[in-house]
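The values are calculated or read from the model by the stated rules, or taken from the named source; none is laboratory data. Model, not experiment: these values are computed from the prediction. Cβ: placed from backbone, ideal geometry, glycine included. Neighbour counts: every protein chain shown.
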Amino acid sequence: MKRILFLTMVAILSAGTVFAQKSALKDAKRALGRDDLKEARTLVQQASTNPETATDPETWKVMGDIGNKAFDNERTKAMLGQSANDKVMYDGLMESYQPYLKADSLGELPDDKGKAKNKFRKDISGVLRANHPFYINGGVYYNEQNDYARAADFFEVYWNIPTLPMFEGQKDAFLLDSTYQTIKYYAIISAISADQNERAVSLLQRASKEPFIENSAYKESDIYELLASQYERVGDSVKFIETLNLGAQKFPESKYFVPNLINVFIRNGQTDKAMEYLDQAIANDPANACDLNSVKGALLAEKGDYAGAEAEYKKALTQDPNCERALENLARNYIIQAQDLKEATATLSNRQQQVENDKKTVELYQQSLPLLEKLEQVTKARDGVTKQEINSILLLLRNAYYNLSVLGVDKSAQLKVVEDQLDLE
């Protein structure tokens, strides 16, 4: 008898607990009805943490409704020309999102008969569809507050909503146009601005896998540029190179992927690979001969192919006679050969050969002079030039003038002018 009485009391207590939590949920709905959002939040929070009601879709539907009500109240004020609290409005909008998703997912769970009876999906999908554009406004608001992480939250939700399961099969539910594509970019840029590197990578990876819609904010190749940049930023060299390779394949006309690959290969000592991509870059961007042909020339000179290097520098100068990089490198090309020949001559005992070598050495130094003199002129005329840059050129000129004077070509006057500018004691 006592056991029966005990079990009966347990059953009564359990039923009472469930009733209490159901009552709290009803009270939360009543508080919401009279716009007492503070009370409604307190009551629904209790229901959301109690095992008896935490899995009830209605608990989360009410929680979402509370956030949506806060949003609607402030938006109505704004529409009526009254003073609205933007922070309360957009925080309410975001407050509604996750609870609505949870209510919908719980509503999709099958019952004992294996059937799902989601009585809240229609209402939730209607609210989310109506509120969808306002997540842009929330992102803009928090971006203006310099809260980039929060801005990214809003832009990402705008991106997410059309992809939710509740809208599956509804092709006309949203207009996925250039604005939609642009907001993806805002979500990514906001995450980067917030230094949320892993999140930015995740968003960029997602964007790269989705159909790209042409827009005025950015190109499809920008997604891959940003992704490569993020990998480099976090020190993932493997993914950085993988993304550069992928970008180079997808966007051969880009001026980002191939040049960066070239730099990677050069840093890694993979000269042949760098040369291969340089040829591709030159073919894709012949107008950039100053940089690209000069780099190729430098790689050839490094291998001792001075004739090949000279040809590349001259190609650059044919297109841009004021190309500082080519002027300097071609002058150095002649000076290096002159110095090598001068050192070799010092070991010879054959006087005739010495004379012939000296003649070639003089020719090489003299070939460098007009290049260096023009380089000095062009560099000094450039805005923002530093004293260090000028001194570097003057030292090359000093080297050429000095060695020519030693070899019997009087350049003492020019040498003095250069040394006076260098202020040498």
Could you list all residues from the stretch 80-104 that are over 17 Å from Gln145 (Cα atoms), exposed (fewer than 15 other Cβ atoms within 10 Å of the Cβ) and among the polar types (S, T, N, Q)?
-> Gln82, Ser83, Gln98
With (1) over 47 Å from the mean Cα position of the chain (by Cα); (2) closer than 18 Å to Leu278 by Cα; (3) of a type in the set (A, V, I, L, M) as the list, and Ala344 as the residue in question, which single condition is left unmet?
-> (2)
Tabulated pairs, the stretch 70-91, first polar (S, T, N, Q), second surrounded by 19 or more Cβ atoms within 10 Å (Cβ to Cβ), C-beta under 6 angstrom, 6+ apart or interchain | Asn85/Glu74
Note: among Gly107, Gly139, Gly114, Gly169, just one is buried (at least 16 other Cβ atoms within 10 Å of the Cβ) and at pLDDT below 95, namely Gly107
Go through (1) small (Gly, Ala, Ser); (2) assigned to a helix (DSSP H, G or I); (3) under 21 Å from Tyr142 (Cβ atoms) and name the single condition Ser125 misses.
-> (3)
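When you scan the stretch 193-208, how many residues do you find that are farther than 14 Å from Gly139 by Cβ and buried (at least 21 other Cβ atoms within 10 Å of the Cβ)? Lay out the reasoning, then the answer.
If we filter the stretch 193-208 for residues that are farther than 14 Å from Gly139 by Cβ, which is where we start, we get 195-202, 204-208.
Remaining after also requiring buried (at least 21 other Cβ atoms within 10 Å of the Cβ): 200-201, 204, 207.
Selection size over the stretch 193-208: 4.
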With Tyr218, Tyr231 as the choices, which residue is touching a Phe, Trp or Tyr at 6+ places or on another chain (Cβ under 7 Å), without any contact (Cβ under 8 Å) to a residue 60 or more places away in the chain and under 24 Å from Asn137 (Cβ atoms)?
-> Tyr218
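Looking only at residues in the stretch 323-380 that are charged (D, E, K, R), in contact (Cβ under 8 Å) with a residue 12 or more places away in the chain and out of contact with any Cys (no Cβ under 9 Å at 6 or more places or on another chain), which one is surrounded by the fewest Cβ atoms within 10 Å (Cβ to Cβ)?
Kept after step one, since they are charged (D, E, K, R), are these residues of the stretch 323-380: 324-325, 328, 332, 340, 342-343, 351, 356, 358-360, 363, 373-374, 376, 380.
When the remaining residues are screened for being in contact (Cβ under 8 Å) with a residue 12 or more places away in the chain, the result is 324-325, 328, 332, 342, 358, 360, 373-374, 376.
Then drop every residue that is not out of contact with any Cys (no Cβ under 9 Å at 6 or more places or on another chain), which leaves 328, 332, 342, 358, 360, 373-374, 376.
Values: Glu328: 20, Arg332: 19, Lys342: 19, Asp358: 16, Lys360: 14, Glu373: 16, Lys374: 16, Glu376: 18.
Checked the stretch 323-380; the qualifying residue surrounded by the fewest Cβ atoms within 10 Å (Cβ to Cβ) is Lys360.
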When (1) surrounded by 14 or more Cβ atoms within 10 Å (Cβ to Cβ); (2) at pLDDT 95 or above are applied to Ser178, the one that fails is (1)
Take the residues in the stretch 142-156 that are of a type outside the set (D, E, K, R) and surrounded by fewer than 21 Cβ atoms within 10 Å (Cβ to Cβ), then tell me which one is farthest from Gly64 (Cα to Cα).
-> Asn146
Which of the residues that make up the stretch 360-392 are of a type in the set (A, V, I, L, M), in a helix (DSSP H, G or I) and over 26 Å from Ala344 (Cα atoms)?
-> Leu375, Val378, Ala381, Ile390
If you go through the stretch 131-147 one residue at a time, how many are touching a residue at least 40 places away in the same chain (Cβ under 8 Å) and part of a helix (DSSP H, G or I)?
-> 10
Would you be able to say whether some residue in the stretch 271-289 is buried (at least 21 other Cβ atoms within 10 Å of the Cβ), part of a helix (DSSP H, G or I), polar (S, T, N, Q) and under 36 Å from the mean Cα position of the chain (by Cα)?
-> no
So, in the stretch 295-340, of the ones that are in a helix (DSSP H, G or I) and among the polar types (S, T, N, Q), which residue ends up nearest to Ile266 (Cα to Cα)?
-> Asn329
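Filter the stretch 29-61 for residues that are hydroxyl-bearing (Ser, Thr, Tyr) and surrounded by 15 or more Cβ atoms within 10 Å (Cβ to Cβ); which is modelled with the highest pLDDT? Please lay out each step first, then the result.
To start, the set of residues in the stretch 29-61 that are hydroxyl-bearing (Ser, Thr, Tyr) comprises 42, 48-49, 53, 55, 59.
Narrowing further to those that are surrounded by 15 or more Cβ atoms within 10 Å (Cβ to Cβ): 48, 53, 59.
Numbers: Ser48: 90, Thr53: 89, Thr59: 95.
Selected residue: Thr59.
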